[in-house]
1. Using 0.36 nm times the number of residues separating residue 92 and residue 131, minus their current alpha carbon distance, what extension gain do you get?
2. Using a 7 Å offset from the Cα along the Cα-to-Cβ direction at both residue 102 and residue 50, what is the distance between the two label points in nm, to one decimal?
3. Work the Kirkwood hydrodynamic radius out for segment 23-125: mean of 1/r over every pair of different alpha-carbon atoms, inverted, in Å.
4. Could you calculate the FRET efficiency of residue 64 with residue 144 from 1/(1 + (r/R0)^6), where r is the beta carbon distance between them and R0 is 45 Å, rounded to 0.05?
5. Residue separation times 0.36 nm, minus the C-alpha to C-alpha distance between residue 118 and residue 22: what's the value?
6. Fewest first, what order do 25, 130 take by the number of other Cβ atoms within 10 Å?
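No lab work stands behind these numbers, since they all come straight from the coordinates. Predicted model, so just to flag it, every value in this text is computed and none were measured. Methodologically, a virtual Cβ is constructed for each residue, glycine included, from the backbone with ideal geometry; neighbour enumeration extends over all protein chains shown.
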């Protein structure tokens, strides 16, 4: 009986506190941000009381946090359900980052809401694209010929390319080279 009374007292005393809570603020971003490429960041204010919010998304250097690398403001309104998916692009200026390719580098990603700042440490990648290789067979023997297709998704190349990109690959054992031209459109 005493346990039930204690539980009921705790529930009744805490219920006014639950109704007076601030909105739940959310920031979601990839765990790895590619430098020089557009990346998406999602911010949201759940249970907001119909008041428009200005949110500032900031990227700062790690670990000092003394330089602002990027800053962008977004507005959360009732029209966008107090949530927005926005893109950010970290500049590939070497003044912000180390030139050592083997060094793992990070930044602070912040979302500054009017009453709270959310912060996340995110790793950086300096590779701006992907190469996909598709072959015609899953296993090859030394005497078999290989048929392959190479798909490039390289943001920097695609933005600056004309109509044709040349791809060259070689087999080190046979020392043959093969070149092909691909349409980038």
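1. Gain on extension, residue 92 to residue 131, equals 12.0 nm.
2. With each label placed 7 Å out from Cα toward Cβ, I get 6.1 nm.
3. 14.3 Å
4. Details: r = 55 Å, r/R0 = 1.23.
Once rounded, the FRET efficiency stands at 0.25.
5. Numbers: separation 96, 0.36 × 96 = 34.56 nm, distance 1.43 nm.
Length difference between fully extended and current span is 33.1 nm.
6. Numbers: 25 21, 130 10.
In increasing order of surrounding Cβ atoms, one gets 130, 25.
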